[in-house]
Amino acid sequence: MVNVIGLGYIGLPTALMMASHGVEVVGTDYNPELVETLKSGKTTFQEAGLEELFAAAAAGGIRFTTEYQVTDTYIVSVPTPYDKFSKKVDPGYVTAAVREVLKVAPKGAVVVIESTVSPGTIERYVRPEIESAGFRIGEDIHLVHAPERIIPGNMVYELLHNNRTIGADDKEIGEKVAKLYASFCQGEIVVTDIKTAEMTKVVENTFRAVNIAFANELAKICRHDNMDVYEIIRICNMHPRVNILQPGPGVGGHCISVDPWFLVGDYPSLAKVIDEAMKTNDGMPDFVLNRIYEIMKEKGMTDISRVGLYGLTYKENVDDMRESPTLQLLESQERHLATGLKVYDPFIQKDVVKNQYHSLDEFLDAVDLVVIMVKHNEIREQMEKLSGKVVLDCHNICTLPGVYHI
Ligand SMILES: NC(=O)c1ccc[n+]([C@@H]2O[C@H](COP(=O)([O-])OP(=O)(O)OC[C@H]3O[C@@H](n4cnc5c(N)ncnc54)[C@H](O)[C@@H]3O)[C@@H](O)[C@H]2O)c1
(Lines give C-alpha, C1' and ligand atoms only; values in the text may rest on other atoms or scores of the structure.)
Protein backbone atom coordinates (compact mmCIF):
# COMPACT_ATOMS: atom_id res chain seq x y z
CA MET A 1 0.00 0.00 0.00
CA VAL A 2 1.17 3.52 -0.78
CA ASN A 3 0.43 6.41 1.58
CA VAL A 4 0.53 9.70 -0.33
CA ILE A 5 1.12 12.59 2.09
CA GLY A 6 -0.17 15.99 0.90
CA LEU A 7 -3.15 15.99 -1.49
CA GLY A 8 -2.67 19.27 -3.34
CA TYR A 9 -2.05 20.00 -7.01
CA ILE A 10 0.62 17.27 -7.19
CA GLY A 11 -0.21 14.75 -4.48
CA LEU A 12 -3.86 14.32 -5.43
CA PRO A 13 -3.39 13.49 -9.14
CA THR A 14 -0.45 11.22 -8.25
CA ALA A 15 -2.52 9.33 -5.69
CA LEU A 16 -5.48 9.07 -8.09
CA MET A 17 -3.26 7.91 -10.93
CA MET A 18 -1.72 5.11 -8.87
CA ALA A 19 -5.10 4.03 -7.46
CA SER A 20 -6.58 3.90 -10.94
CA HIS A 21 -3.72 1.64 -12.06
CA GLY A 22 -4.13 -1.14 -9.52
CA VAL A 23 -2.04 0.24 -6.65
CA GLU A 24 -3.62 0.28 -3.19
CA VAL A 25 -3.49 3.94 -2.14
CA VAL A 26 -4.42 5.95 0.93
CA GLY A 27 -4.18 9.71 0.59
CA THR A 28 -3.37 11.68 3.75
CA ASP A 29 -3.68 15.42 4.19
CA TYR A 30 -3.65 17.34 7.44
CA ASN A 31 -6.36 19.66 6.17
CA PRO A 32 -9.61 18.06 7.42
CA GLU A 33 -11.85 20.14 5.12
CA LEU A 34 -9.91 19.03 2.07
CA VAL A 35 -10.12 15.40 3.18
CA GLU A 36 -13.87 15.71 3.78
CA THR A 37 -14.36 17.15 0.29
CA LEU A 38 -12.42 14.27 -1.26
CA LYS A 39 -14.28 11.73 0.85
CA SER A 40 -17.56 13.16 -0.43
CA GLY A 41 -16.38 12.32 -3.94
CA LYS A 42 -15.54 15.87 -5.07
CA THR A 43 -12.26 17.09 -6.52
CA THR A 44 -10.61 20.10 -4.88
CA PHE A 45 -9.42 22.00 -7.97
CA GLN A 46 -10.23 22.20 -11.66
CA GLU A 47 -8.05 20.24 -14.03
CA ALA A 48 -8.74 18.60 -17.39
CA GLY A 49 -9.52 14.90 -16.93
CA LEU A 50 -9.33 15.01 -13.11
CA GLU A 51 -12.98 14.09 -12.52
CA GLU A 52 -12.66 11.00 -14.71
CA LEU A 53 -9.41 10.06 -12.98
CA PHE A 54 -11.11 10.51 -9.62
CA ALA A 55 -13.90 8.14 -10.65
CA ALA A 56 -11.36 5.53 -11.80
CA ALA A 57 -9.41 5.88 -8.53
CA ALA A 58 -12.60 5.55 -6.50
CA ALA A 59 -13.34 2.35 -8.40
CA GLY A 60 -9.77 1.30 -7.55
CA GLY A 61 -10.56 1.71 -3.85
CA ILE A 62 -8.63 4.90 -2.96
CA ARG A 63 -9.25 6.20 0.57
CA PHE A 64 -8.67 9.65 2.08
CA THR A 65 -7.81 10.45 5.67
CA THR A 66 -6.01 12.90 7.95
CA GLU A 67 -4.12 9.97 9.55
CA TYR A 68 -0.70 8.71 8.51
CA GLN A 69 -0.77 5.01 7.65
CA VAL A 70 1.39 2.06 8.67
CA THR A 71 2.71 0.91 5.32
CA ASP A 72 5.85 0.13 3.32
CA THR A 73 5.85 3.15 0.94
CA TYR A 74 5.22 6.85 1.58
CA ILE A 75 5.12 9.57 -1.06
CA VAL A 76 5.56 13.04 0.41
CA SER A 77 4.12 15.81 -1.74
CA VAL A 78 3.91 18.85 0.51
CA PRO A 79 4.78 22.48 -0.33
CA THR A 80 8.35 23.76 -0.59
CA PRO A 81 8.17 27.56 -0.68
CA TYR A 82 11.26 29.76 -0.68
CA ASP A 83 12.30 32.19 1.96
CA LYS A 84 11.75 35.61 0.36
CA PHE A 85 14.87 37.06 2.06
CA SER A 86 17.47 34.29 1.84
CA LYS A 87 15.93 32.87 -1.39
CA LYS A 88 16.69 29.40 -0.02
CA VAL A 89 14.20 26.55 -0.03
CA ASP A 90 12.06 26.32 3.09
CA PRO A 91 12.14 22.58 3.90
CA GLY A 92 9.83 22.96 6.92
CA TYR A 93 6.78 21.24 5.42
CA VAL A 94 8.86 18.31 4.18
CA THR A 95 10.66 17.74 7.49
CA ALA A 96 7.39 18.07 9.43
CA ALA A 97 5.73 15.49 7.18
CA VAL A 98 8.72 13.13 7.47
CA ARG A 99 8.59 13.45 11.30
CA GLU A 100 4.95 12.33 11.19
CA VAL A 101 5.76 9.45 8.83
CA LEU A 102 8.49 8.24 11.19
CA LYS A 103 5.96 7.91 14.02
CA VAL A 104 4.18 5.12 12.13
CA ALA A 105 6.62 3.77 9.50
CA PRO A 106 7.61 0.13 9.96
CA LYS A 107 11.21 -1.07 9.53
CA GLY A 108 12.31 -1.09 5.90
CA ALA A 109 9.75 1.49 4.73
CA VAL A 110 10.58 3.62 1.69
CA VAL A 111 10.04 7.37 2.02
CA VAL A 112 9.78 9.04 -1.38
CA ILE A 113 10.09 12.84 -1.37
CA GLU A 114 8.19 14.17 -4.41
CA SER A 115 8.32 17.81 -3.34
CA THR A 116 10.75 19.96 -5.29
CA VAL A 117 13.86 20.72 -3.23
CA SER A 118 17.24 22.30 -3.95
CA PRO A 119 20.30 20.06 -4.34
CA GLY A 120 21.51 18.88 -0.94
CA THR A 121 18.23 19.57 0.89
CA ILE A 122 17.55 15.92 1.59
CA GLU A 123 21.13 15.48 2.86
CA ARG A 124 21.01 18.60 5.04
CA TYR A 125 17.48 18.44 6.43
CA VAL A 126 15.73 15.11 5.84
CA ARG A 127 18.54 12.69 6.72
CA PRO A 128 19.25 14.31 10.13
CA GLU A 129 15.52 14.21 10.87
CA ILE A 130 15.50 10.45 10.30
CA GLU A 131 18.77 9.76 12.09
CA SER A 132 17.88 11.84 15.13
CA ALA A 133 14.68 9.81 15.47
CA GLY A 134 16.91 6.74 15.90
CA PHE A 135 16.47 5.20 12.42
CA ARG A 136 19.35 3.91 10.28
CA ILE A 137 19.01 5.12 6.70
CA GLY A 138 19.37 2.28 4.23
CA GLU A 139 18.23 -0.28 6.82
CA ASP A 140 15.27 1.01 8.83
CA ILE A 141 14.22 3.68 6.33
CA HIS A 142 15.06 4.02 2.64
CA LEU A 143 15.15 7.49 1.16
CA VAL A 144 14.16 8.31 -2.42
CA HIS A 145 13.56 11.53 -4.32
CA ALA A 146 11.06 11.47 -7.21
CA PRO A 147 10.52 15.06 -8.37
CA GLU A 148 7.38 15.83 -10.36
CA ARG A 149 7.42 17.58 -13.75
CA ILE A 150 3.75 17.91 -14.67
CA ILE A 151 2.18 21.18 -15.75
CA PRO A 152 -1.19 22.36 -14.45
CA GLY A 153 -3.71 22.34 -17.28
CA ASN A 154 -2.27 19.14 -18.74
CA MET A 155 -1.51 17.17 -15.59
CA VAL A 156 -3.30 13.95 -16.35
CA TYR A 157 -1.72 13.55 -19.79
CA GLU A 158 1.72 14.51 -18.50
CA LEU A 159 1.54 12.17 -15.51
CA LEU A 160 0.97 9.35 -17.97
CA HIS A 161 3.51 10.40 -20.58
CA ASN A 162 6.36 12.46 -19.08
CA ASN A 163 9.73 10.89 -18.45
CA ARG A 164 10.63 10.78 -14.76
CA THR A 165 13.71 10.91 -12.55
CA ILE A 166 14.13 8.78 -9.45
CA GLY A 167 17.03 9.51 -7.09
CA ALA A 168 18.02 6.91 -4.53
CA ASP A 169 21.04 5.96 -2.39
CA ASP A 170 20.50 2.35 -3.24
CA LYS A 171 19.99 1.46 -6.90
CA GLU A 172 17.82 -1.54 -6.01
CA ILE A 173 15.43 0.62 -3.98
CA GLY A 174 15.46 3.18 -6.82
CA GLU A 175 14.45 0.46 -9.28
CA LYS A 176 11.69 -0.74 -6.93
CA VAL A 177 10.23 2.78 -6.76
CA ALA A 178 10.68 3.14 -10.55
CA LYS A 179 8.54 0.01 -10.91
CA LEU A 180 5.84 1.57 -8.73
CA TYR A 181 5.73 4.68 -10.95
CA ALA A 182 5.81 2.46 -14.04
CA SER A 183 2.39 1.17 -12.95
CA PHE A 184 1.02 4.24 -14.75
CA CYS A 185 3.95 6.17 -16.29
CA GLN A 186 4.53 5.37 -19.95
CA GLY A 187 7.60 7.62 -20.18
CA GLU A 188 11.20 6.62 -19.51
CA ILE A 189 12.15 6.43 -15.83
CA VAL A 190 15.78 7.25 -15.07
CA VAL A 191 17.27 6.07 -11.78
CA THR A 192 20.11 8.18 -10.39
CA ASP A 193 21.37 9.46 -7.04
CA ILE A 194 19.35 11.79 -4.80
CA LYS A 195 21.38 14.99 -5.26
CA THR A 196 21.36 14.61 -9.05
CA ALA A 197 17.59 14.13 -8.99
CA GLU A 198 17.18 17.22 -6.80
CA MET A 199 19.33 19.31 -9.11
CA THR A 200 17.70 18.14 -12.37
CA LYS A 201 14.26 19.25 -11.24
CA VAL A 202 15.47 22.71 -10.21
CA VAL A 203 17.57 23.04 -13.38
CA GLU A 204 14.58 22.20 -15.61
CA ASN A 205 12.51 24.99 -14.10
CA THR A 206 15.49 27.34 -14.18
CA PHE A 207 16.00 26.66 -17.88
CA ARG A 208 12.41 27.74 -18.50
CA ALA A 209 12.70 30.81 -16.27
CA VAL A 210 15.92 32.02 -17.92
CA ASN A 211 14.50 31.56 -21.41
CA ILE A 212 11.29 33.38 -20.52
CA ALA A 213 13.39 36.19 -19.06
CA PHE A 214 15.32 36.43 -22.33
CA ALA A 215 12.07 36.87 -24.26
CA ASN A 216 10.87 39.43 -21.71
CA GLU A 217 14.12 41.37 -22.00
CA LEU A 218 13.76 41.40 -25.79
CA ALA A 219 10.23 42.78 -25.35
CA LYS A 220 11.61 45.62 -23.22
CA ILE A 221 14.39 46.42 -25.73
CA CYS A 222 11.91 46.37 -28.61
CA ARG A 223 9.43 48.56 -26.73
CA HIS A 224 12.21 51.05 -25.98
CA ASP A 225 13.18 51.38 -29.64
CA ASN A 226 9.81 50.80 -31.29
CA MET A 227 10.45 47.35 -32.79
CA ASP A 228 7.96 44.49 -33.10
CA VAL A 229 9.25 41.81 -30.74
CA TYR A 230 6.82 39.17 -32.03
CA GLU A 231 7.88 39.61 -35.63
CA ILE A 232 11.53 39.55 -34.59
CA ILE A 233 11.10 36.35 -32.56
CA ARG A 234 9.13 34.77 -35.40
CA ILE A 235 11.91 35.44 -37.88
CA CYS A 236 14.70 34.46 -35.48
CA ASN A 237 12.95 31.16 -34.79
CA MET A 238 13.20 30.33 -38.49
CA HIS A 239 16.92 29.89 -37.82
CA PRO A 240 17.54 26.15 -37.38
CA ARG A 241 19.22 26.51 -33.98
CA VAL A 242 17.15 29.32 -32.43
CA ASN A 243 14.00 28.76 -30.41
CA ILE A 244 13.02 31.87 -28.46
CA LEU A 245 10.00 31.72 -26.15
CA GLN A 246 7.27 34.37 -26.07
CA PRO A 247 7.35 37.37 -23.74
CA GLY A 248 4.55 37.81 -21.22
CA PRO A 249 3.35 39.77 -18.19
CA GLY A 250 5.54 37.77 -15.77
CA VAL A 251 5.70 34.29 -14.28
CA GLY A 252 3.84 32.66 -11.41
CA GLY A 253 2.83 29.33 -9.96
CA HIS A 254 4.70 26.98 -7.72
CA CYS A 255 7.60 26.17 -10.04
CA ILE A 256 9.11 28.69 -12.45
CA SER A 257 8.65 31.67 -10.18
CA VAL A 258 10.03 29.85 -7.13
CA ASP A 259 12.48 27.01 -7.79
CA PRO A 260 15.24 28.97 -9.61
CA TRP A 261 15.55 31.16 -6.52
CA PHE A 262 16.78 28.08 -4.63
CA LEU A 263 19.95 28.15 -6.76
CA VAL A 264 20.39 31.90 -6.22
CA GLY A 265 19.93 31.37 -2.48
CA ASP A 266 22.39 28.48 -2.28
CA TYR A 267 24.99 29.73 -4.78
CA PRO A 268 24.74 33.54 -4.63
CA SER A 269 28.19 34.23 -6.08
CA LEU A 270 27.70 31.73 -8.94
CA ALA A 271 24.07 31.94 -10.05
CA LYS A 272 24.34 35.39 -11.63
CA VAL A 273 22.44 34.84 -14.87
CA ILE A 274 19.67 33.10 -12.93
CA ASP A 275 19.46 35.95 -10.42
CA GLU A 276 19.10 38.53 -13.20
CA ALA A 277 16.59 36.37 -15.06
CA MET A 278 14.39 36.02 -12.00
CA LYS A 279 14.53 39.77 -11.38
CA THR A 280 13.60 40.40 -15.02
CA ASN A 281 10.57 38.11 -14.78
CA ASP A 282 9.56 39.55 -11.41
CA GLY A 283 9.79 43.04 -12.93
CA MET A 284 7.30 42.30 -15.70
CA PRO A 285 4.08 43.10 -13.75
CA ASP A 286 5.54 46.57 -13.03
CA PHE A 287 6.45 46.91 -16.70
CA VAL A 288 2.82 46.11 -17.62
CA LEU A 289 1.58 48.65 -15.07
CA ASN A 290 3.78 51.29 -16.69
CA ARG A 291 2.42 50.31 -20.10
CA ILE A 292 -1.11 50.82 -18.74
CA TYR A 293 -0.21 54.35 -17.61
CA GLU A 294 1.49 55.10 -20.97
CA ILE A 295 -1.53 53.91 -22.94
CA MET A 296 -3.97 55.81 -20.70
CA LYS A 297 -1.94 58.96 -21.30
CA GLU A 298 -1.88 58.40 -25.05
CA LYS A 299 -5.65 57.83 -25.08
CA GLY A 300 -6.40 60.75 -22.76
CA MET A 301 -7.83 58.40 -20.13
CA THR A 302 -7.60 59.55 -16.52
CA ASP A 303 -9.76 57.09 -14.58
CA ILE A 304 -7.84 53.94 -13.57
CA SER A 305 -11.12 52.35 -12.48
CA ARG A 306 -12.03 52.11 -16.18
CA VAL A 307 -9.08 49.73 -16.66
CA GLY A 308 -9.65 45.97 -16.28
CA LEU A 309 -7.24 43.07 -15.90
CA TYR A 310 -8.46 39.93 -17.65
CA GLY A 311 -7.15 36.89 -15.75
CA LEU A 312 -5.99 36.28 -12.19
CA THR A 313 -4.38 32.86 -12.49
CA TYR A 314 -0.72 32.37 -13.31
CA LYS A 315 -1.44 30.49 -16.52
CA GLU A 316 -4.28 29.80 -18.90
CA ASN A 317 -7.19 27.45 -18.23
CA VAL A 318 -6.27 26.60 -14.61
CA ASP A 319 -7.57 27.92 -11.27
CA ASP A 320 -4.17 28.28 -9.56
CA MET A 321 -3.40 31.93 -8.69
CA ARG A 322 -0.26 31.39 -6.62
CA GLU A 323 2.37 34.08 -7.29
CA SER A 324 0.43 35.14 -10.39
CA PRO A 325 1.55 38.21 -12.39
CA THR A 326 -1.91 39.78 -11.90
CA LEU A 327 -1.62 39.47 -8.11
CA GLN A 328 1.91 40.92 -8.33
CA LEU A 329 0.63 43.81 -10.45
CA LEU A 330 -2.20 44.55 -8.01
CA GLU A 331 0.26 44.52 -5.10
CA SER A 332 2.53 46.88 -6.96
CA GLN A 333 -0.38 49.19 -7.70
CA GLU A 334 -1.23 49.29 -3.99
CA ARG A 335 2.40 50.02 -3.10
CA HIS A 336 2.13 53.04 -5.38
CA LEU A 337 -0.95 54.02 -3.36
CA ALA A 338 -3.19 53.63 -6.37
CA THR A 339 -6.15 51.27 -6.50
CA GLY A 340 -9.17 50.87 -8.69
CA LEU A 341 -8.15 48.40 -11.38
CA LYS A 342 -10.99 46.01 -12.12
CA VAL A 343 -10.34 42.28 -12.36
CA TYR A 344 -12.07 39.24 -13.80
CA ASP A 345 -11.16 35.57 -14.20
CA PRO A 346 -13.59 32.86 -15.30
CA PHE A 347 -11.75 30.29 -13.15
CA ILE A 348 -11.89 32.26 -9.88
CA GLN A 349 -15.37 32.12 -8.41
CA LYS A 350 -14.55 33.39 -4.92
CA ASP A 351 -13.89 37.08 -4.22
CA VAL A 352 -10.13 37.23 -3.70
CA VAL A 353 -9.24 40.80 -4.69
CA LYS A 354 -10.93 44.20 -4.71
CA ASN A 355 -13.11 45.19 -7.67
CA GLN A 356 -13.47 41.61 -8.89
CA TYR A 357 -16.16 40.59 -11.37
CA HIS A 358 -17.68 37.18 -12.00
CA SER A 359 -19.19 37.76 -15.42
CA LEU A 360 -17.23 38.62 -18.55
CA ASP A 361 -19.99 40.85 -19.91
CA GLU A 362 -20.37 42.84 -16.68
CA PHE A 363 -16.59 43.21 -16.47
CA LEU A 364 -16.38 44.49 -20.04
CA ASP A 365 -19.26 46.92 -19.45
CA ALA A 366 -17.31 48.40 -16.53
CA VAL A 367 -14.03 49.11 -18.36
CA ASP A 368 -12.65 50.91 -21.41
CA LEU A 369 -9.12 49.50 -21.38
CA VAL A 370 -8.73 45.70 -21.12
CA VAL A 371 -5.37 44.15 -20.26
CA ILE A 372 -5.11 40.51 -21.32
CA MET A 373 -2.99 39.07 -18.50
CA VAL A 374 -3.95 35.42 -19.07
CA LYS A 375 -4.81 33.74 -22.36
CA HIS A 376 -7.73 31.62 -21.14
CA ASN A 377 -9.65 29.89 -23.95
CA GLU A 378 -12.70 31.92 -22.92
CA ILE A 379 -11.25 35.21 -24.16
CA ARG A 380 -9.69 33.63 -27.23
CA GLU A 381 -13.12 32.34 -28.20
CA GLN A 382 -14.94 35.63 -27.52
CA MET A 383 -12.37 38.09 -28.78
CA GLU A 384 -15.00 40.02 -30.74
CA LYS A 385 -16.38 41.24 -27.39
CA LEU A 386 -13.26 43.38 -27.07
CA SER A 387 -14.00 45.38 -30.19
CA GLY A 388 -14.47 49.05 -29.35
CA LYS A 389 -12.22 48.66 -26.28
CA VAL A 390 -8.64 49.74 -25.91
CA VAL A 391 -6.72 46.48 -25.54
CA LEU A 392 -3.28 45.84 -24.04
CA ASP A 393 -2.55 42.28 -25.10
CA CYS A 394 0.28 40.77 -23.03
CA HIS A 395 0.20 37.51 -25.01
CA ASN A 396 -0.18 38.60 -28.63
CA ILE A 397 -3.43 36.66 -29.10
CA CYS A 398 -5.80 39.46 -30.07
CA THR A 399 -6.29 39.99 -33.79
CA LEU A 400 -8.45 43.13 -33.51
CA PRO A 401 -6.97 46.28 -35.07
CA GLY A 402 -5.11 48.86 -32.95
CA VAL A 403 -4.19 46.47 -30.13
CA TYR A 404 -1.31 47.50 -27.83
CA HIS A 405 1.40 45.09 -26.74
CA ILE A 406 3.92 44.97 -23.90
N1 LIG B 1 1.88 22.74 -8.56
C2 LIG B 1 2.72 22.41 -9.52
O3 LIG B 1 2.53 22.72 -10.67
C4 LIG B 1 3.96 21.59 -9.22
C5 LIG B 1 4.63 20.95 -10.28
C6 LIG B 1 5.75 20.16 -9.99
C7 LIG B 1 6.20 20.07 -8.68
N8 LIG B 1 5.54 20.72 -7.67
C9 LIG B 1 6.04 20.56 -6.30
O10 LIG B 1 5.19 19.64 -5.62
C11 LIG B 1 5.15 19.96 -4.23
C12 LIG B 1 3.69 20.10 -3.80
O13 LIG B 1 3.14 21.22 -4.49
P14 LIG B 1 1.58 21.42 -4.66
O15 LIG B 1 1.40 22.42 -5.72
O16 LIG B 1 0.91 20.10 -4.76
O17 LIG B 1 1.23 22.05 -3.21
P18 LIG B 1 -0.22 22.28 -2.62
O19 LIG B 1 -0.09 23.43 -1.67
O20 LIG B 1 -1.23 22.32 -3.70
O21 LIG B 1 -0.52 20.95 -1.78
C22 LIG B 1 0.19 20.57 -0.66
C23 LIG B 1 -0.75 19.81 0.28
O24 LIG B 1 0.03 19.28 1.34
C25 LIG B 1 -0.73 19.35 2.55
N26 LIG B 1 0.22 19.24 3.65
C27 LIG B 1 1.21 20.10 3.99
N28 LIG B 1 1.92 19.62 5.02
C29 LIG B 1 1.36 18.43 5.34
C30 LIG B 1 1.65 17.46 6.31
N31 LIG B 1 2.68 17.58 7.18
N32 LIG B 1 0.88 16.35 6.37
C33 LIG B 1 -0.16 16.18 5.52
N34 LIG B 1 -0.48 17.07 4.57
C35 LIG B 1 0.28 18.18 4.48
C36 LIG B 1 -1.48 20.66 2.43
O37 LIG B 1 -2.62 20.69 3.26
C38 LIG B 1 -1.82 20.68 0.93
O39 LIG B 1 -3.09 20.13 0.69
C40 LIG B 1 5.96 21.25 -4.06
O41 LIG B 1 7.26 20.91 -3.67
C42 LIG B 1 5.99 21.82 -5.46
O43 LIG B 1 7.11 22.64 -5.69
C44 LIG B 1 4.43 21.47 -7.91
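Taking all protein chains into account, the per residue accessible area for segment 179-270 stands at 51 Å² (1.4 Å probe). Stretching the chain fully between R335 and N237 yields a gain of 31.4 nm (0.36 nm per residue, less the alpha carbon separation).
For segment 393-406, putting each phi into the Karplus relation 6.51 cos²θ - 1.76 cosθ + 1.60 with θ = phi - 60° gives couplings of 9, 7, 10, 6, 10, 8, 9, 5, x, x, 6, 8, 10, 6 Hz, in residue order, rounded to whole numbers and with x for Gly and Pro. Solvent-accessible area assigned to carbon and sulfur over the chain amounts to 52 percent, based on a 1.4 Å probe.
Accessible area per residue of segment 355-406 at 1.4 Å probe, in Å²?
Result: 43 Å² per residue.
When only alpha carbons of segment 169-232 are considered, Rg and Dmax amount to 19.9, 59 Å. Across the chain, the longest run free of exposed loop sites, meaning trypsin sites (Lys or Arg not before Pro) lying outside DSSP classes H, G, I, E and B with no more than 11 other Cβ atoms within 10 Å, spans 242-349. Quick one: Debye curve from the C-alpha atoms of segment 22-76, no solvent, what's log10 I(q)/I(0) at q = 0.14, 0.19, 0.21 Å⁻¹? Taken in order of the listed q values, log10 I(q)/I(0) reads -0.38, -0.71, -0.86.
Which residue fluctuates most in the GNM of the chain (Cα springs below 10 Å): D361, D266, D90? Of D361, D266, D90, the Gaussian network model singles out D361 as fluctuating most. Using a Gaussian network for the chain with springs between C-alpha atoms less than 10 Å apart, which of these wobbles most: P285, P106, P260? Largest GNM mean-square fluctuation: P106. Based on Cα contacts under 8 Å between residues 6+ apart, segment 152-258 shows a relative contact order of 22 percent. I need the chymotrypsin sites (Phe, Trp or Tyr not before Pro) found in segment 94-202, filtered to DSSP loop residues with at most 11 other beta carbons within 10 Å of theirs. Answer by residue number: there is no such site.
Label positions at D83 and M1, each projected 7 Å from the Cα along the C-beta direction, are separated by 3.8 nm. Can you give the direction-averaged projected area of the convex hull of the alpha-carbon atoms in the chain, in nm²? So the mean shadow area of the Cα hull is 21.1 nm². Measuring max minus min along each principal axis, the C-alpha atoms of segment 221-366 give extents of 46, 36, 30 Å (largest first).
Divide by every residue of the chain the summed helix terms, -39500 (n - 2.57) for each DSSP H run of at least 4, and state the resulting mean residue ellipticity at 222 nm, rounded to the nearest 500 deg cm²/dmol. About -12000 deg cm²/dmol. Between E36 and R136, the modelled label-to-label distance comes to 4.6 nm, taking each label 7 Å out from Cα in the direction of the beta carbon.
Among the listed pairs K39/K107; K87/K279; K88/K375; K88/K220; K39/K103, which have their C-alpha atoms separated by more than 20 angstrom in this model?
Values: K39/K107 30 Å; K87/K279 12 Å; K88/K375 31 Å; K88/K220 29 Å; K39/K103 24 Å.
Beyond 20 Å between Cα atoms: K39/K107; K88/K375; K88/K220; K39/K103.
The values are calculated or read from the model by the stated rules, or taken from the named source; none is laboratory data. On a predicted model such as this, the values are computed, not experimentally measured, just so you know. With ideal geometry, Cβ positions are generated from the backbone for all residues, glycine too; neighbour counts draw on all protein chains shown. Each accessible area value is taken on the protein alone, full model and side chains, heavy atoms only, with ligands, DNA and RNA left out. Shrake-Rupley method; radii C 1.70, N 1.55, O 1.52, S 1.80 Å.
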